[in-house]
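What follows is a short report on a single structure.
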Amino acid sequence: MSAASVTTQGWRAWLLAPEPKSRAQAKLGQAYLGWLAFRRNPLAMVGLGIILALLAVAALAPWIAPASPIAQDLSLRLLEPDATHWFGTDELGRDIFSRIVWGARITLTIVALVVVIVAPVGLVVGTAAGYFGGWFDAVLMRVTDVFLAFPRLILALAFVAALGPGIENAVIAIALTAWPPYARIARAETLTIRNADFIAAARMTGAGPMRILVGHVMPLCLSSLIVRVTLDMAGIIIIAAGLGFLGLGAQPPSPEWGAMIASGRRFLLDQWWVATIPGLAICTVSLGFNLLGDGLRDVLDPKQQ
């Protein structure tokens, strides 16, 4: 037996020890068991592969893209996919493959910024409403209901129309419409645990409301929130692409996938690749996030176990 195999078995035995000797060992063992459960789901692994590929493409865009995503050459206008231009060229002679590759960075930037904004806001609003209850809960939930009463894309259009076009304003508009579901989930989780024995024990030791919320309630809501965030990323991508399609998101000549579909829709019948390739990129990435979210739900949601 090789030394590497012995080392691997040693780490596995340490992670799966029935009586962990430290909190770190227990958490790492739990994470390893979650990974083993996740790995048994082939569709979840496909989703993980798609997202890892997207991250790799975005990180290595300067080395993967064979041409500039914005350089125009009308002599190369509307060329079919071939060995030189894998996805063809658009109406301005720009290489579509290069624009797809660089557009991955824009897509990931929008998704990351929206998630960084909405997840903490939804978590704080939901846990505070669920823990304190009363009029405080009623006010926060009625505000949440107002946002939930409108379709997200329509509300995002209204906000971005007021703020003006651009990626930054598109991120703000999407974030303003995306936080209510997270608040609802966090509130529901908080209502189930606020009267638990360990919360009462924390109060008896002198812990204040903020310490209980941050140290006990919020960590227990994270698993459901992570699953919802992962499943929502596909919707965020589609809304961002919709804003770009309408000219309210990333502005030309940025290689944003929605804007690429908008500029290529005029050539859809004869030069199908101009609009179809960005559409396939959006569908593939959205599918990857959905599959990944389903896999994480099976692992992290105790109700599914």
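The values are calculated or read from the model by the stated rules, or taken from the named source; none is laboratory data. Source: prediction; values computed, not measured. FYI the Cβ positions are ideal-geometry reconstructions off the backbone, even for glycines, and counts take in every protein chain you see.
Descriptive notes on the structure:
- Contacts under 7 angstrom Cβ, first residue in region 154-177 being touching a residue at least 60 places away in the same chain (Cβ under 8 Å), partner hydroxyl-bearing (Ser, Thr, Tyr) and part of a helix (DSSP H, G or I), 6 or more apart: 156/177
Let's see how each residue does on (1) surrounded by fewer than 22 Cβ atoms within 10 Å (Cβ to Cβ); (2) on the phi < 0 side of the Ramachandran plot; (3) part of a helix (DSSP H, G or I); (4) modelled with pLDDT under 85:
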| position | (1), (2), (3), (4) |
| --- | --- |
| 182 | no, yes, yes, no |
| 185 | yes, yes, yes, no |
| 214 | yes, yes, yes, no |
| 218 | yes, yes, yes, no |
| 252 | yes, yes, no, yes |
| 277 | no, yes, yes, no |
| 281 | no, yes, yes, no |
| 287 | yes, yes, yes, no |
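- Inspection of region 86-96 identifies at least one residue that is out of contact with any helix residue (DSSP H, G or I) (no Cβ under 6 Å at 6 or more places or on another chain), modelled with pLDDT of 90 or more, farther than 24 Å from residue 210 by Cβ and crowded, with 19+ Cβ neighbours inside 10 Å.
- Residue in region 18-38 that is closer than 30 Å to residue 273 by Cα, surrounded by 15 or more Cβ atoms within 10 Å (Cβ to Cβ) and of a type outside the set (A, V, I, L, M, F, W, C) present: no
- Hits in region 51-106 - residues which are over 13 Å from residue 255 (Cα atoms) and in contact with a His (Cβ under 9 Å, 6 or more places away or on another chain): 66, 76, 79
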